[in-house]
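Q: Below you'll find the structure I mean.
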């Protein structure tokens, strides 16, 4: 067995800076993907909620297709297929953000849809009988309750999706995995590099979890009364 | 098969589709290895999770927590690159990918199955013990059949995650659908442009995963609407409930 030489990574300021930049990039990319993804998921789930046949069918087909194909295939299509087909050129992070947004949105839409169903029908009926219009009922009554009850599912899905974002390094986006692969190619200390990367991903996943739980306590304190 | 595809689709496309379908079998084998290996490990984890010894329970919980917080990609890099370099050996991509996916699968299945076992009311355990059944017997005859019903749908659903997960194994040199498809997409051959190859690959993955997703949804609906296995005589639900209240 070879001896462990973590110091080859930790004593090199360039490598540490690269890892820090990678973490920042991964963090920003995931957050961006989650925010845009949630917005798109809202649109997708609404089309199924209000029962417009064609739109509902289209969004159902979209979510089914995304959920049943690997992220990496979607990513390669978005990064290499679409630009060639439509003749545009974006920076790598643009492709990565678009692919993650499309991917996240399908998973979030499915959770939101389940959330709408979990809101008791008495809530809609009461709101309707108070004279609220359907759009108001949805925005003021259904949606907030759905998000509040589905928050734990959304959080764990988000963490799971975050752990899959390393694949964006495969299209050249400079995320944490990209930094690790680069350092590995320079130092050949693969075990040390990827163990470090694993620890950093865990650290980030746990901080995401902590932050989101804290946010939930702030936004929906009534769900945390013991 | 190859000639048939070429005669239907023409020269480059027929060969491409044939090669993709041929590579798909390795995706399926790897998924099966991960499912069987992960399933066996998950079963041990589930047993450990209900074990009387506290340290065993904690160990199982720690394993699940650890491998649920680690990206699959990192497991692949560690097993396919890191550990072989540390010991200055080569590892077969089958072993590296198989072990990495087994670790990944076992953590998630272990969590699902533990949830299913814990969802069986405490009263079931107590009643069986009161009737004189031993611990293992109670588990096998009373708790397990009920837990399996609860766990079936999410387990089938997770198979989709495994199949999608195998698409990452090409990174450590595993020859599967992803690997062959990516090579064709990079090849300067007309009819294998990325916007043709990647949707084609997506469609193959979809054709495998979608039926499993549907099956999972169907199983879940059936499990929810049908009568519970233990409730075939009318009095048992209330008995279960009252025992449950006492237990909690």
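The values are calculated or read from the model by the stated rules, or taken from the named source; none is laboratory data. Just so it is clear, the model here is predicted, and its values are computed rather than measured. Positions of Cβ are generated from backbone atoms using ideal geometry, with glycine treated the same way; all protein chains shown enter the neighbour counts.
Q: Return a yes/no flag: does region B:71-86 have any residue that is more than 9 Å from chain A (Cβ to nearest Cβ) and free of Cβ contacts under 8 Å to residues at least 40 places away in the same chain.
A: no
Q: Please find, among B:199, B:188, B:145, the residue that is away from every other protein chain (no Cβ under 11 Å), surrounded by fewer than 19 Cβ atoms within 10 Å (Cβ to Cβ) and without any contact (Cβ under 8 Å) to a residue 24 or more places away in the chain.
A: Matching residue, one of B:199, B:188, B:145: B:188.
Q: Right, next: Could you list all residues from region A:87-106 that are at negative phi and surrounded by fewer than 20 Cβ atoms within 10 Å (Cβ to Cβ)?
A: A:88, A:89, A:90, A:91, A:92, A:93, A:94, A:98
Q: Which numbered condition in (1) under 22 Å from residue A:148 (Cβ atoms); (2) assigned to a helix (DSSP H, G or I); (3) more than 13 Å from chain B (Cβ to nearest Cβ) is the only one that residue A:96 fails?
A: Failed condition: (1).
Q: Across region A:68-86, what is the total count of residues that are in a helix (DSSP H, G or I), within 7 Å of chain B (Cβ to nearest Cβ) and over 15 Å from residue B:195 (Cβ atoms)?
A: Of the residues in region A:68-86, 1 are in a helix (DSSP H, G or I), within 7 Å of chain B (Cβ to nearest Cβ) and over 15 Å from residue B:195 (Cβ atoms).
Q: Which ones in region B:11-37 are more than 26 Å from the chain's Cα centre (by Cα) and free of Cβ contacts under 8 Å to residues at least 60 places away in the same chain?
A: The answer is B:11, B:14, B:15, B:18.
Q: Hey, another quick one. Filter region A:207-226 down to the residues that are without any contact (Cβ under 8 Å) to a residue 40 or more places away in the chain and either more than 14 Å from chain B (Cβ to nearest Cβ) or under 22 Å from residue B:168 (Cβ atoms) (or both) and list them by number.
A: Once the filter is applied, which keeps residues that are without any contact (Cβ under 8 Å) to a residue 40 or more places away in the chain and either more than 14 Å from chain B (Cβ to nearest Cβ) or under 22 Å from residue B:168 (Cβ atoms) (or both), region A:207-226 yields A:211, A:214, A:215, A:217, A:218, A:221, A:222, A:224, A:225, A:226.
Q: Given the criterion in a helix (DSSP H, G or I), under 20 Å from the mean Cα position of the chain (by Cα) and within 14 Å of chain B (Cβ to nearest Cβ), identify the matching residue among A:182, A:160.
A: It is A:160.
Q: Within region A:170-177, is there a residue that is closer than 23 Å to residue A:32 by Cα, out of contact with any strand residue (DSSP E or B) (no Cβ under 6 Å at 6 or more places or on another chain) and at the interface with chain B (Cβ under 9 Å from one of its Cβ atoms)?
A: Checking region A:170-177: at least one residue is closer than 23 Å to residue A:32 by Cα, out of contact with any strand residue (DSSP E or B) (no Cβ under 6 Å at 6 or more places or on another chain) and at the interface with chain B (Cβ under 9 Å from one of its Cβ atoms).
Q: If I filter region B:114-123 for residues that are within 30 Å of residue B:56 (Cβ to Cβ), within 14 Å of chain A (Cβ to nearest Cβ) and modelled with pLDDT of 90 or more, do I get at least one hit?
A: For region B:114-123, residues within 30 Å of residue B:56 (Cβ to Cβ), within 14 Å of chain A (Cβ to nearest Cβ) and modelled with pLDDT of 90 or more: present.
Q: Inspect region A:40-62 for any residue being part of a helix (DSSP H, G or I) and over 19 Å from residue A:109 (Cα atoms) and give the result as yes or no.
A: Checked region A:40-62: no residue is part of a helix (DSSP H, G or I) and over 19 Å from residue A:109 (Cα atoms).
Q: Residues in region A:163-184: is at least one within 30 Å of residue A:115 (Cα to Cα) and out of contact with any helix residue (DSSP H, G or I) (no Cβ under 7 Å at 6 or more places or on another chain)?
A: no
Q: Can you name the number of the only condition in (1) in contact (Cβ under 8 Å) with a residue 12 or more places away in the chain; (2) closer than 25 Å to residue A:78 by Cα that residue A:160 fails?
A: Going through the list (1) in contact (Cβ under 8 Å) with a residue 12 or more places away in the chain; (2) closer than 25 Å to residue A:78 by Cα, residue A:160 breaks only (1).
Q: Residues of region B:64-73 being touching a helix residue (DSSP H, G or I) at 6+ places or on another chain (Cβ under 6 Å) and either surrounded by fewer than 19 Cβ atoms within 10 Å (Cβ to Cβ) or part of a helix (DSSP H, G or I) (or both), which ones?
A: B:64, B:67, B:68, B:69, B:72, B:73
Q: Taking only region B:87-107 into account, find how many residues are over 22 Å from residue A:160 (Cα atoms) and within 11 Å of chain A (Cβ to nearest Cβ).
A: 3
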